[in-house]
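The values are calculated or read from the model by the stated rules, or taken from the named source; none is laboratory data. Note that the structure is a prediction, hence the values are computed from the model and not measured. In this analysis, Cβ positions are derived from the backbone assuming ideal geometry, glycine residues included, and neighbour counts consider all displayed protein chains.
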Amino acid sequence: MCPTTTRETPPSTDFDATARVKYDPQTNTYHARHEWETGDPLHVTVVESVAVVTETELTELQALYSTIDPEALDAVVDPNRRADVQIEFQFEGCLVRIESSGEITIEIDGDR
C-alpha cells in the first residue's frame with residue numbers, strides 16, 4: 001500500500017525506473033514519462049513507476065489487470081493516435097493519470 005507521508009525525493013529501488021520518477025513538492029505528486037522508443041509497453045512503465053513511489057518490489061504489487069486491462073491501456077494511449085487522451089485510475093493506493101504524451105502523474109491517496 002502507498003504510504004501516507006510526504007517525501008522530499010522519490011524513494012530508491014533496485015531498478016532503473018527510479019531515475020524516471022521525479023517528485024514535485026509543490027503539487028505533492030510524482031511524475032514519470034514513458035519513452036515510446038524504448039520498446040517497453042506503457043503498462044510496464046506505469047507498474048515500475050508505481051513500485052518506485054510506493055517503495056514496493058515489482059513482485060509484491062497486485063497485477064495491473066486487476067485494475068485496468070494493460071493491453072487496452074497500451075492501445076488507447078498510443079502516440080500515433082490523433083486524439084489527445086487522458087486516463088485516470090486507482091492502483092496500489094495511488095491515483096494514476098496518463099496522458100497520450102506519455103506523461104504519467106502519480107498521486108498517493110491520502111495526500112490530496
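The figures follow:
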| item | result |
| --- | --- |
| Looking only at the stretch 66-86, and only at residues there that are of a type in the set (Val, Ile, Thr) and in contact with a Ser or Thr (Cβ under 9 Å, 6 or more places away or on another chain), the one that is farthest from GLY102 (Cα to Cα) | VAL76 |
| Leading residue by the ranking (nearest to LEU73 (Cα to Cα)) among those in the stretch 18-56 that are aromatic (Phe, Trp, Tyr) and in contact (Cβ under 8 Å) with a residue 60 or more places away in the chain | TRP36 |
| Of the criteria (1) more than 14 Å from SER101 (Cα to Cα); (2) aliphatic (A, V, I, L, M); (3) modelled with pLDDT of 95 or more; (4) surrounded by 12 or more Cβ atoms within 10 Å (Cβ to Cβ), which one ALA63 fails | (4) |
